1. So what are the radius of gyration and Dmax for the Cα set of the protein assembly as shown, in Å?
2. What does the average come to when, for each residue of peptide A:36-42, you count the partner chain Cβ atoms lying within 10 Å of its Cβ?
3. Compare the Cα positions of B:SER67, B:GLY99, B:MET10 along the charge dipole of region B:1-102 (+1 at Cβ of Lys, Arg; -1 at Cβ of Asp, Glu; about the Cα centre) and return the one farthest towards the positive end.
4. Would you order A:HIS29, B:HIS38 from fewest to most other beta-carbon atoms within 10 Å of each residue's own beta-carbon?
5. Based on other C-beta atoms within 10 Å, arrange A:LEU91, B:LEU74 from fewest to most.
6. As an exercise, use a Förster radius of 30 Å and the Cβ-Cβ distance of B:ASP5 and A:SER27 to find the FRET efficiency, rounded to the nearest 0.05.
7. Two decimals is fine: what's Rg over Rh for region B:22-72, C-alpha atoms, Kirkwood radius as Rh?
8. Ranked highest first by the average count of other Cβ atoms within 10 Å around their residues, in what order do B:24-31, B:59-66, A:19-26 fall?
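Taken together, the values in this text are just the output of simple stated rules run on the coordinates, not laboratory data. This is a predicted model, so every value here is computed, not measured. Please note: Cβ atoms are built from the backbone with ideal geometry, for glycine as well, and neighbour counts cover all protein chains shown.
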Amino acid sequence: DTGVSQDPRHKITKRGQNVTFRCDPISEHNRLYWYRQTLGQGPEFLTYFQNEAQLEKSRLLSDRFSAERPKGSFSTLEIQRTEQGDSAMYLCASSLARDHQGYGYTFGSGTRLTVV
Amino acid sequence: GQNIDQPTEMTATEGAIVQINCTYQTSGFNGLFWYQQHAGEAPTFLSYNVLDGLEEKGRFSSFLSRSKGYSYLLLKELQMKDSASYLCAVSGYSTLTFGKGTMLLVSP
């Protein structure tokens, strides 16, 4: 297993366009998380899945954002009608079980989105 | 909700010891994590504390006091490659909440 993979690594888009990011978690991990990180800040939670069920969404996740994990494996995060404030690093992470087991999350390398 | 505070920046010299503090206020607690993040890269797991006390892992140690809502990460024998952001993260009911990170700059 090569860890958590995210695609693309970088995305530049014009304001108002839609973008979609993909995350492939570690295969045996049943939990998948999306975080957003801006410069000088820590990662901010967006949403998470257990298998294919989306169990929690942050208030940060406006109606323009939607995430799916259709078969409990890979996940996609779509942003519609992008705004300049959406420019950030979008991090995906996965975990085997409740993080209190001590292993935390394994993060992907992220997708850096720039909205111009 | 969760509130996590850590210093924004710290500087230290190669070979020295540095302690990065983290204080937190949470509505649920299932452990505290420290992650290291180099510029432009993903956070990587460093340590985990769920009980009070010190956990040691080579050059890195982490301490937790649940009654005080306090943790620290201790880095010994600093190396240039330790220059990075160090993120304190609290495990709540279902997810991790991260602090803003402490940028550590190690100079020769």
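1. 17.5, 50
2. Mean inter-chain Cβ contacts per residue within 10 Å come to 5.
3. So the residue furthest toward the plus end is B:SER67.
4. Going from least to most buried by this count: B:HIS38, A:HIS29.
5. B:LEU74, A:LEU91
6. E between B:ASP5 and A:SER27, to the nearest 0.05, is 0.25.
7. 1.00
8. Answer by packing, highest mean first, reads A:19-26, B:59-66, B:24-31.
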